[in-house]
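Accompanying notes for the structure given below.
The values are calculated or read from the model by the stated rules, or taken from the named source; none is laboratory data. Given the structure is predicted, the values throughout are model-derived calculations rather than measurements. With ideal geometry, Cβ positions are generated from the backbone for all residues, glycine too; neighbour counts draw on all protein chains shown. Heavy atoms of the whole protein, side chains included, go into the accessibility calculation; ligands, DNA and RNA do not. Shrake-Rupley method; radii C 1.70, N 1.55, O 1.52, S 1.80 Å.
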Amino acid sequence: MRIAVLGGGNGSHAAAADLAEQGHEVRLWRRDVRALAPLIESPRITLVDHAGRRDVRIECATPDAGEALRGAELVLAPCPAFAQADIARAVGPHLRDGQVVYLPPGTFGSFAMAQAVRDAGSHARVSFAETGTLPYLARKHGPTEVAITTRATRLPTGVYPAADSEQALATIARAYPAIEAVEDALSAALMNAGPVIHPPLILMNAGPLEHFERWDIHAEGTQPAIRRVTDALDGERIALREALGYAAPHFPLSDHYENDRWMYGNAHDKLVDSGDWREHIDLRSHRYMLEDVAYGLAFLVSVADWAGVACPVARGLLSIASALVGEPLDRGPRTLAALGLASLDRPSMRELLSNGNAA
């Protein structure tokens, strides 16, 4: 099928190459014309994975959103949460009835992007879906080269509005057979691994990250004390899912370290062995802070507050991060209050998630 891939990061390049190699017609869109120039000139991405190194041809790379989205059944947006609103405004005028926008992961971006598209004046009947992680552990090695360390084996996916789930999930499954249906977009948002794994790793490794030029938070940065905090934080996420009536499996993050039941199977050792995550992390500007704390963790805390579920570890980490960056992250743009949803009662929230409008 024809797929539009949005963005210029690790996940976008991995998706473009992987989906094109599967035989899909892939068009890659990015606003930065200069950064996109090598792929515009020669639409080939060098893909490196367990099978070796090869060049994969994509249909085209373009800064024209209309060209990228024209005729696409699936619109894949593996972009940071903080870029979703701008992307929604850019692509909104080009969306058409029946298209499916898939956010891996979403941080409740399925709702936020749907709102941004409508606010931009689009009345297209589009389904938005999200999952708990990128389909790939991947890193770009250059403007036209990407290395995929491993691919997701399970992708819990929810749709907004949930009434569109059957058609949307069928479309996504043609590209990602590993998807597993969950109840709705909020259920999927509460599967997001980034706000659980990354805040303890960057905040509890703040000293080494500021001292060393490069530091692997997943290797020497993952010590038993940090794992205990991560497990406690994940316990709060799971308790919140249960309080909201969402069913297992909850994909506990401990499975990432201990067995093959998590979204990537048993991927932690592969991640460390690749060496691609030994990197420079600026605690003020890295996406682990901008996305996983300022958006993801703040969202988690706001949902817990709305649901009346205690989350002392999540709140404590958010407070420490706020002190580090010098601003109150609990008032961020992806909280329920910022989204205009904090005043909804539970029946109204269920109606919104199901049909796209509150009761």
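The set of residues from the stretch 154-198 being of a type in the set (Lys, Arg) and either at pLDDT 95 or above or out of contact with any strand residue (DSSP E or B) (no Cβ under 6 Å at 6 or more places or on another chain) (or both) comprises just one member, Arg174. Are any of the residues in the stretch 56-63 open to solvent by 10 Å² or more (accessible area, probe 1.4 Å), part of a helix (DSSP H, G or I) and not aromatic (Phe, Trp, Tyr)? There is no residue in the stretch 56-63 that is open to solvent by 10 Å² or more (accessible area, probe 1.4 Å), part of a helix (DSSP H, G or I) and not aromatic (Phe, Trp, Tyr). With respect to the stated conditions, Asp282 fails to be within 23 Å of His141 (Cα to Cα) and either in a helix (DSSP H, G or I) or at pLDDT 95 or above (or both).
Picking from residues in the stretch 87-121 that are among the basic types (Lys, Arg) and assigned to a helix (DSSP H, G or I), the one that is least open to solvent (accessible area, probe 1.4 Å) is Arg118.
Here Ser348 passes the criteria (1) of a type in the set (Ser, Thr, Tyr); (2) part of a helix (DSSP H, G or I); (3) closer than 21 Å to Val196 by Cα except the one numbered (3). Of the residues making up the stretch 125-157, those that are more than 14 Å from Met263 (Cβ to Cβ), of a type outside the set (Gly, Ala, Ser) and open to solvent by 20 Å² or more (accessible area, probe 1.4 Å) are Arg125, Arg139, Lys140, His141, Pro143, Thr144, Glu145. Take Gly71 and tell me if it is on the phi > 0 side of the Ramachandran plot and either open to solvent by 10 Å² or more (accessible area, probe 1.4 Å) or assigned to a loop (DSSP other than H, G, I, E, B) (or both). Taking the combined requirement at face value, the residue satisfies it.
Within the stretch 280-296, residues that are more than 11 Å from Leu209 (Cβ to Cβ) and open to solvent by less than 10 Å² (accessible area, probe 1.4 Å) sit with their Cβ atoms under 9 Å from residues that are at pLDDT 95 or above and of a type in the set (D, E, K, R), at 6+ positions apart or across chains, in these pairs: Gly296/Arg334. The sole residue among Tyr295, Tyr288 that is under 26 Å from Ala147 (Cα atoms), modelled with pLDDT of 85 or more and outside any loop (DSSP other than H, G, I, E, B) is Tyr288. State whether one or more residues within the stretch 199-206 are in contact (Cβ under 8 Å) with a residue 24 or more places away in the chain, assigned to a loop (DSSP other than H, G, I, E, B) and either open to solvent by less than 40 Å² (accessible area, probe 1.4 Å) or over 24 Å from Ala16 (Cα atoms) (or both). Yes, there is a match, as at least one residue in the stretch 199-206 is in contact (Cβ under 8 Å) with a residue 24 or more places away in the chain, assigned to a loop (DSSP other than H, G, I, E, B) and either open to solvent by less than 40 Å² (accessible area, probe 1.4 Å) or over 24 Å from Ala16 (Cα atoms) (or both).
For the stretch 159-170, a tally of residues being touching a Ser or Thr at 6+ places or on another chain (Cβ under 8 Å) and farther than 15 Å from Glu351 by Cα returns 3. Quick check on the stretch 298-325: of everything there that is β-branched (Val, Ile, Thr), within 18 Å of Glu242 (Cα to Cα) and assigned to a helix (DSSP H, G or I), which residue is most open to solvent (accessible area, probe 1.4 Å)? Of everything passing the filter in the stretch 298-325, Val313 is most open to solvent (accessible area, probe 1.4 Å).
Residue-wise test of (1) small (Gly, Ala, Ser); (2) free of Cβ contacts under 8 Å to residues at least 60 places away in the same chain.
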site	(1), (2)
Ile3	no, no
Gly8	yes, yes
Gly11	yes, no
Ala17	yes, no
Arg27	no, yes
Ala37	yes, yes
Glu41	no, yes
